[in-house]
Amino acid sequence: MSYTMLKSGTAALVALGLVSGTVAPIMLQAPATAQAAFPDVPSNHWANSFIRELVNRGVIAGFPDGTFRPQDPVTRAQFAAMLRKAFRKGSVRSSVQFVDVASSYWAASAIQSAYTSGFMAGYPGNIFRPEENIPRAQVLVSLANGLNYTASNSVDSVLLAYNDSSSIPAYARASIAAATERRIVVNYPSVQTLAPNQIATRADVAAFIYQALVSQGEAVAINSPYIAGQPVSQTVRIPAGTSLPLVYDQAEKILLAKDEPNPAPLTLRVAQNIVTSQGTVLIPSGSSVVGELRTINGGARFFASEIVFPDGRRLPVDATSGLITKTETIRKGASLGRILTGTVVGAGAAAGIAGVTGDRNIAADEVLGGAAAGALAGVLLGRDRVDLIAINPNTDLSVTINSDLVLR
């Protein structure tokens, strides 16, 4: 990669770092320059350096009253104008006539440039919506697409950097992952919160464009704690002993025989985000935990074997719940309907209930694994009572990881 020489004559300091066997991105130390002159962008404003540098380059400007208005929204037309000033990129496709952009419109040529260079696209029907405020996600997609960036790692693993990654629109996920790897994304006040659907402010856009210039070697890096994608290890370990809070959405109670003939398959749901101390989401709430209930030592225990993330990724896991020994007695004459309200049962428990109540009409969807109880019911028929293990799945089945869980 080549880097343009700095006219200031200040020597650029290049730093290379090694993190978990991978080479960290090249960083250039920015020289100190004069403070921005905008009264509404003080020296301690989070975007001061980004704004100052882009103003010096003529990419963005203040208003006649001397202010910058960093919190003002940016329209699609305004963003197109900034792109033309910031990047010198040739055409990659033919121009198109947008029906809502007249040839006399102030940003008509900038919009055409943004389109033909691959930075921006229109909506169906050759509509551009020039006066529409642009969301943060669209800005990042535009920069990643225009600069032909793609993610080198798994999109979903890169986006774990954000605690609101589930709110990233599907169309934007790959591009935002690529932008994150190139350190284009700047999030204030929390570097872990992307707010992809929030309207981009002038400060946001200044930061994004400047970081895109840095990624191209056209600008020197600014030291900011709000730049996402800081060099980190590509693997994260959730240590053994970590507890995963799990819940079950299908029933309020599970009944098992003390000697269930077969393990009962069960899929639970992660109840809340599992995060690092910095707030990075490692396992999102809503992820599925697949496993089975086994009866052992007069009780029952849930053995988890796999985590299925909301995006479809699957990860083996070795985790178990505590031993559940609470029991519930079903007596002769009990109402099957009352017993099974809000309850699912193992095949052995179904057979025991059928044998005691004499009612074999236990539906397959009330039996874990869909097994039928009829084959065993005859053996138990005529008993006065049966003692079953009673599980409250929303309090009894949270699991503890038995060996380190490695996320990549």
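The values are calculated or read from the model by the stated rules, or taken from the named source; none is laboratory data. For clarity, every value in this text was computed on a predicted model and none was experimentally measured. No Cβ is skipped: glycine too gets one built from the backbone with ideal geometry, and neighbour counts run over all protein chains shown.
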Tell me, yes or no, whether the range 351-369 has at least one residue that is hydrophobic (A, V, I, L, M, F, W, C), surrounded by 17 or more Cβ atoms within 10 Å (Cβ to Cβ), outside any helix (DSSP H, G or I) and at pLDDT below 85. yes
Determine, yes or no, whether Leu213 is within 27 Å of Val406 (Cβ to Cβ) and of a type outside the set (Asp, Glu). no
Determine which member of the set Lys85, Lys89, Lys7 is surrounded by 14 or more Cβ atoms within 10 Å (Cβ to Cβ), at pLDDT below 95 and charged (D, E, K, R). Lys89
What about Ala221, is it in contact with a helix residue (DSSP H, G or I) (Cβ under 7 Å, 6 or more places away or on another chain), part of a loop (DSSP other than H, G, I, E, B) and surrounded by 15 or more Cβ atoms within 10 Å (Cβ to Cβ)? yes
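Condition check ((1) at pLDDT below 95; (2) in a helix (DSSP H, G or I); (3) among the aliphatic types (A, V, I, L, M)) across all residues:
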residue	(1), (2), (3)
Pro130	no, no, no
Ser142	no, yes, no
Asn145	no, yes, no
Asn148	no, no, no
Ser152	yes, no, no
Asp156	yes, yes, no
Leu160	yes, yes, yes
If you take the residues of the range 96-116 that are in a loop (DSSP other than H, G, I, E, B) and touching a helix residue (DSSP H, G or I) at 6+ places or on another chain (Cβ under 6 Å), which of them is surrounded by the fewest Cβ atoms within 10 Å (Cβ to Cβ)? Ala107
Residue among Ala207, Ala177 that alone is under 19 Å from Met82 (Cβ atoms) and either outside the structural domain of Leu159 (by TED's automatic domain parsing) or crowded, with 24+ Cβ neighbours inside 10 Å (or both): Ala207
Within the range 335-350, count every residue that is of a type in the set (S, T, N, Q) and in a strand (DSSP E or B). 1
Within the range 67-95, residues out of contact with any strand residue (DSSP E or B) (no Cβ under 8 Å at 6 or more places or on another chain), assigned to a loop (DSSP other than H, G, I, E, B) and over 18 Å from Thr116 (Cβ atoms) come out as Thr67, Phe68, Arg69
Which of the following residues is of a type outside the set (Gly, Ala, Ser) and crowded, with 23+ Cβ neighbours inside 10 Å: Tyr171, Tyr162? Tyr162
Restricting to the range 109-158, count the residues that are in contact with a strand residue (DSSP E or B) (Cβ under 9 Å, 6 or more places away or on another chain) and either within 18 Å of Arg202 (Cα to Cα) or not basic (Lys, Arg) (or both). 8
Counted residues in the range 163-196 being within 14 Å of the chain's Cα centre (by Cα) and in a loop (DSSP other than H, G, I, E, B) come to 10
